[in-house]
Amino acid sequence: MPEMKIINKKYRVLENKKIASNRFMMKLAVCKSFLKICKPGQFIHIKVSDSLDPFLRRPISIHKVNASSIDIIYDVKGKGTTILSSKKKNSFLDIVGPLGNGFNLNNNKNKIPKILIAGGMGAAPLVFLAQRFKKPKGLVLIGARTKKEVVCKHEFKKIGCSVKIATDDGTEGIKGSVVELFKRVITSVENKAKVEIFACGPEVMLKSLKNILKANRLDAQVSLENFMGCGIGVCLGCAVKTESGYKRVCKDGPVFKLSEVF
Amino acid sequence: MNSKIKIAKLELRNPVVTASGTFGYGKEFSEIIDLKDIGAVITKTITVYPREGNPAPRIVETPSGMINSIGLENKGLDDFLKNKLCSLKKFKTKVIVSIAGFCNEDFIALSKGLNVAGVDALELNLSCPNLNKKIIAQNKKLTSQAVYLVRKYSKKTLIVKLSPNVSDIAEFASVAEDCGADAVSLVNTFYAMAIDIGRKKPALGNIIGGLSGPAIKPIALKMVFDVFKKVKIPIIASGGIADVKDALEFIMAGASVVSAGSINFVNTTSCVEIAKGINRYLDKNKIKTLKQIIGCAHEKKN
């Protein structure tokens, strides 16, 4: 497969709307070549400001692809995302991407059962993944602190996935973590080895998932998050420790086999 | 109008180079910009043996800058010669290889190993702040020893990268000059740290790191100004250069070459824009050669 080149362009903001108390969805008009090469699990590196503070770009995963645009979801956490949330329709954003290695979809065949495990905002990139799935679209397990923070439930359903929820306070679905929910689900699966598992979420969640998978002799593809410098693999700032030494989240990842990280 | 610069045997088509560690070995950026348009690539530092680098997290953003603690992660000299140099040669730009060593044998092995075609110059990095030991460029005796050895065994143009973490950087520039350096490169990053108040712990895995970016520019500029007064060899300036205005300030303070670092992460085409901007400035002000404005902010140098 020929290596794809890095694209750095300005894209127009088509929409930037509040979807929850601190959460925004942004729609960006992207070029044809972007849509042609982008894969689930990849991210874009956004220059949020023309000033030098905040200094670095912000990496945000691709949430969804549409006919001529992509969607991203982000929480307003600090300086960078506050500026991002103030971007008006029809303004332009300097973006590098799509970047990184996405999910491996070599095994994306009909009748292969899939389970997607999402912790908090980890649900966002898994929607793009589910868009690319062949049937069945898979079972999605979403974990959140409380009902109000459950992300992307309706979008998964629209795609044709079945959805189960776990909340810490029990306001929706089972009371407990999404990993506990997975534990219940996996015990009733007959041919476990055949199931393809994908996950994205906080480190604590992925670590506890790793233990459960290990006990069941299973593995998962996980998408990791990290602070980044360059986003293109040169600065080595976003390194994570793996079984085979440090790897770059931006270039070697963000998708890794869960058995190889943490 | 002419912005060509010559440092010993090294001829640069323009005075803009990439700061070590911010440009890898050129491959990634070659997909975005034409490396023909910059003076040279200064590579990520290589050591004789592979280094794993420091524990994560390795970077933290700070106001108008960032702190890094990469710890010279690299695959070593053999890998560089086998896998990196051939692609660097194809970029039609000059190649300055950044090297770091921990003992005399390292400096000798790197100097000899890099006496090959395709390497145009060496930048001897004596100033990495992330090695959990004293920086060589904080000790004049160790600095002179390292420069002397590389000078003795290398046939290439030799640039010595200095640390700003000293009380008088000009004295270290002078040591490098006396030991045979063809140029000095300054500044490397400033010792710095940040604390993650959520975790109540240092934000970086290695606790301390090096500060770079626009935040350090005025301090770096003053150091270049000081060094220009002290030494006769050319200066390659780095430290928060973000645009052509910054670059011109450093040139007027005494730099013959400017090196763009962290800004490459933010603006992927900054090196090319700065190079073009310098030419535009020279044209607009009817300045024939860049040399006419190098150090022009000083009172006349005798």
Quick check: is even one residue across the range B:94-102 of a type outside the set (Asp, Glu), within 14 Å of chain A (Cβ to nearest Cβ) and closer than 30 Å to B:ILE293 by Cα?
-> yes
Residue check: is B:ILE59 touching a residue at least 12 places away in the same chain (Cβ under 8 Å), under 21 Å from the mean Cα position of the chain (by Cα) and facing chain A (nearest Cβ under 10 Å)?
-> yes
Of the numbered conditions (1) within 30 Å of B:GLU73 (Cβ to Cβ); (2) open to solvent by 10 Å² or more (accessible area, probe 1.4 Å), A:PRO125 satisfies every one except a single condition; which is it?
-> (2)
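Quick grid of which residues meet (1) over 15 Å from the mean Cα position of the chain (by Cα); (2) touching a residue at least 60 places away in the same chain (Cβ under 8 Å); (3) under 19 Å from A:PRO125 (Cα atoms):
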position: A:HIS154; (1), (2), (3): yes, no, yes
position: A:SER162; (1), (2), (3): yes, no, yes
position: A:ARG184; (1), (2), (3): yes, no, no
position: A:PHE198; (1), (2), (3): no, yes, yes
position: A:LEU209; (1), (2), (3): yes, yes, yes
position: A:LEU213; (1), (2), (3): yes, no, no
position: A:MET228; (1), (2), (3): yes, yes, yes
position: A:THR242; (1), (2), (3): yes, no, no
position: A:VAL255; (1), (2), (3): no, yes, yes
State all residues of the range A:216-262 that are within 13 Å of another protein chain (Cβ to nearest Cβ) and basic (Lys, Arg); if no residue qualifies, say none.
-> A:LYS241, A:LYS247, A:ARG248, A:LYS251
Do we find that A:SER33 is in contact with a Leu (Cβ under 8 Å, 6 or more places away or on another chain) and of a type in the set (Ser, Thr, Tyr) in this structure?
-> no
Output for the range B:254-282, where each listed residue is assigned to a helix (DSSP H, G or I), within 14 Å of another protein chain (Cβ to nearest Cβ) and either free of Cβ contacts under 8 Å to residues at least 24 places away in the same chain or hydrophobic (A, V, I, L, M, F, W, C) (or both) = B:ILE263, B:PHE265, B:VAL266, B:CYS271, B:VAL272
Mind telling me which of the residues A:VAL189, A:VAL150, A:VAL96, A:VAL140 ends up being over 16 Å from the mean Cα position of the chain (by Cα), among the hydrophobic types (A, V, I, L, M, F, W, C) and over 30 Å from A:ASN8 (Cβ atoms)?
-> A:VAL189
Quick one: which of B:VAL147, B:VAL160, B:VAL116 is of a type outside the set (Gly, Ala, Ser), within 19 Å of the chain's Cα centre (by Cα) and outside any helix (DSSP H, G or I)?
-> B:VAL160
Is there any pair linking a residue in the range B:14-29 that is within 14 Å of A:LEU236 (Cα to Cα) to one that is at pLDDT 95 or above and of a type in the set (Asp, Glu), with Cβ under 8 Å and at least six apart or on different chains, and which?
-> B:SER20/B:GLU123
Filter the range B:96-113 down to residues that are surrounded by fewer than 24 Cβ atoms within 10 Å (Cβ to Cβ) and hydrophobic (A, V, I, L, M, F, W, C), then give me how many there are.
-> 4
State whether the residues of the range A:210-219 include one that is surrounded by 20 or more Cβ atoms within 10 Å (Cβ to Cβ) and among the β-branched types (Val, Ile, Thr).
-> no
Is it the case that B:ALA109 is small (Gly, Ala, Ser), touching a Leu at 6+ places or on another chain (Cβ under 8 Å), closer than 23 Å to B:ILE7 by Cα and assigned to a helix (DSSP H, G or I)?
-> no
Filter result (within 20 Å of the chain's Cα centre (by Cα), part of a loop (DSSP other than H, G, I, E, B) and closer than 19 Å to A:SER91 by Cβ) within the range A:51-65 | A:ARG57
Restricting attention to the range A:38-79, which residues are open to solvent by 40 Å² or more (accessible area, probe 1.4 Å), aliphatic (A, V, I, L, M) and at the interface with another protein chain (Cβ under 10 Å from one of its Cβ atoms)?
-> A:LEU52
Taking the range B:191-221 and keeping residues within 10 Å of another protein chain (Cβ to nearest Cβ) and modelled with pLDDT under 95 leaves none
Qualifying positions in the range B:27-49 - in contact with a strand residue (DSSP E or B) (Cβ under 7 Å, 6 or more places away or on another chain), more than 9 Å from every other protein chain (Cβ to nearest Cβ) and not aliphatic (A, V, I, L, M) = B:GLY39, B:THR43, B:THR45, B:THR47
Could you tell me whether any residue of the range A:26-36 is more than 17 Å from the chain's Cα centre (by Cα), open to solvent by 20 Å² or more (accessible area, probe 1.4 Å), without any contact (Cβ under 8 Å) to a residue 12 or more places away in the chain and within 13 Å of another protein chain (Cβ to nearest Cβ)?
-> no
B:ILE251: β-branched (Val, Ile, Thr), touching a helix residue (DSSP H, G or I) at 6+ places or on another chain (Cβ under 9 Å), more than 14 Å from chain A (Cβ to nearest Cβ) and under 24 Å from B:CYS296 (Cα atoms), yes or no?
-> yes
Where in the range B:44-104 are the strands (runs of 3 or more DSSP E), entirely inside, with at least 1 residues that are within 20 Å of A:LYS247 (Cβ to Cβ)?
-> B:59-62, B:65-68
Residue in the range B:234-244 that is more than 14 Å from chain A (Cβ to nearest Cβ) and more than 25 Å from B:THR43 (Cβ to Cβ) present = no
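The values are calculated or read from the model by the stated rules, or taken from the named source; none is laboratory data. Source: prediction; values computed, not measured. For neighbour counting, all protein chains shown are included, and Cβ atoms are generated from backbone atoms with ideal geometry for every residue, glycine included. Heads up: the accessible areas ignore ligands, DNA and RNA and are worked out on the full protein's heavy atoms, side chains in. Shrake-Rupley method; radii C 1.70, N 1.55, O 1.52, S 1.80 Å.
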